[in-house]
Amino acid sequence: MSILGLLKFIANHPLTKDSRYRSLARVVKWQIASRLAPGAIVYEWINGAKFLVKAGETGLTGNIYTGLHEFPEMGYLLHVLRDDDLFVDVGSNVGSYTILASAAVGARGIAIEPVPYTHLKLVENMRINHLEHRVVCLNIAVGKEAGLVSFTGDLDTANHVVASSEHPAKSIQVEVRTLDDVLLEEIPAVMKIDVEGYETPAIEGAQAILRNNKLHSVIMELNGGGNRYGYDESRIVQMMFDHGFRTYAYDPLERRLTNLSGRNQASDNTLFIRNAGLVKERLANSRNISIFGKEF
């Protein structure tokens, strides 16, 4: 993201748009501190949660600047999860969502990250939050069937399965398993899937999980990334509808769900919910979260 893009993002973010000067001060402070520090910095986040971060880690620095980089989805996670739930984070990167779910809320977690270097950072973030016995970290990819797949390895949060038309300078071989095989009898209450366009085979390998009504929410990235593999993301929406899910947008400040007719056109992520009555009750009764002095 360019500097101008970053400033616009901060200026329009729900948690920072009313305190833009303080937000810009955080940007300047981080830019200086990250260049002076000899290594990663431990950042104190929400409800005692923390993460290790270095300059250039876009998702994590977004959390520093705005409190919650992906506010609607992260706010939803904080409001809907309970400490006896299981959260599954597919394409976890270094673990922002899992940290919120398991360190800030207290839920159990399974975090799946295919790139070995990123997986090591994920494990370290679980360790500094003392989550070794609450979160299982798996260094695999997920798909329709077991096997091997080539992955980019040097694109930070944008690492992805190499498409047939791509010839990256650096690629790695990664084991692929189906989500149904990975989880077996473990059914999450909430699942996040962000696999940079590979969502279609990911959910094709999760049909048993999707049939289980214990899973009530799926946060899924649908932003056209599937085009690189020839996948039509409207088919994903239909598959989720066939399993009884419907699409919503969420406003954490108002705790309001808005019905959508398909994918969320205003966001890279779409929220799929089944059993909306249960979800709405949870959202209404969840404890408040405080970030930068703002409660929601």
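The values are calculated or read from the model by the stated rules, or taken from the named source; none is laboratory data. Quantities reported herein were computed from a predicted structural model and do not represent experimental measurements. Here the Cβ is made from the backbone with ideal geometry for all residues, glycine too, and neighbour counts use every protein chain on show.
A few notes on this one:
- Hits in region 36-58 - residues which are assigned to a loop (DSSP other than H, G, I, E, B) and crowded, with 19+ Cβ neighbours inside 10 Å: 45, 46, 49, 57
- Pairs linking a residue in region 83-101 that is under 16 Å from residue 196 (Cα atoms) to a residue that is hydroxyl-bearing (Ser, Thr, Tyr), with Cβ atoms under 8 Å and 6 or more positions apart or on different chains, are 89/97; 89/98; 92/98; 93/118; 93/157; 94/118.
- Tally, over region 82-91, of residues that are crowded, with 24+ Cβ neighbours inside 10 Å and either basic (Lys, Arg) or in contact with a Gly (Cβ under 9 Å, 6 or more places away or on another chain) (or both): 3
- Selection from region 4-19 of residues that are in a helix (DSSP H, G or I) and either over 17 Å from residue 69 (Cβ atoms) or among the small types (Gly, Ala, Ser) (or both): 4, 5, 11
- Matching option when the condition is among the acidic types (Asp, Glu), in the same structural domain as residue 266 (by TED's automatic domain parsing), under 28 Å from residue 270 (Cβ atoms) and under 16 Å from the mean Cα position of the chain (by Cα), among 57, 113, 145: 113
- Condition met for residue 206 (surrounded by fewer than 23 Cβ atoms within 10 Å (Cβ to Cβ) and modelled with pLDDT of 95 or more): no
- Extreme residue, modelled with the highest pLDDT, among residues of region 245-275 that are among the small types (Gly, Ala, Ser) and surrounded by 15 or more Cβ atoms within 10 Å (Cβ to Cβ): 249
- Checking residue 61 against (1) outside any helix (DSSP H, G or I); (2) closer than 28 Å to residue 105 by Cβ, the condition it does not meet: (1)
- Test: residue in region 69-77 that is assigned to a loop (DSSP other than H, G, I, E, B), surrounded by 18 or more Cβ atoms within 10 Å (Cβ to Cβ) and at pLDDT 95 or above: yes
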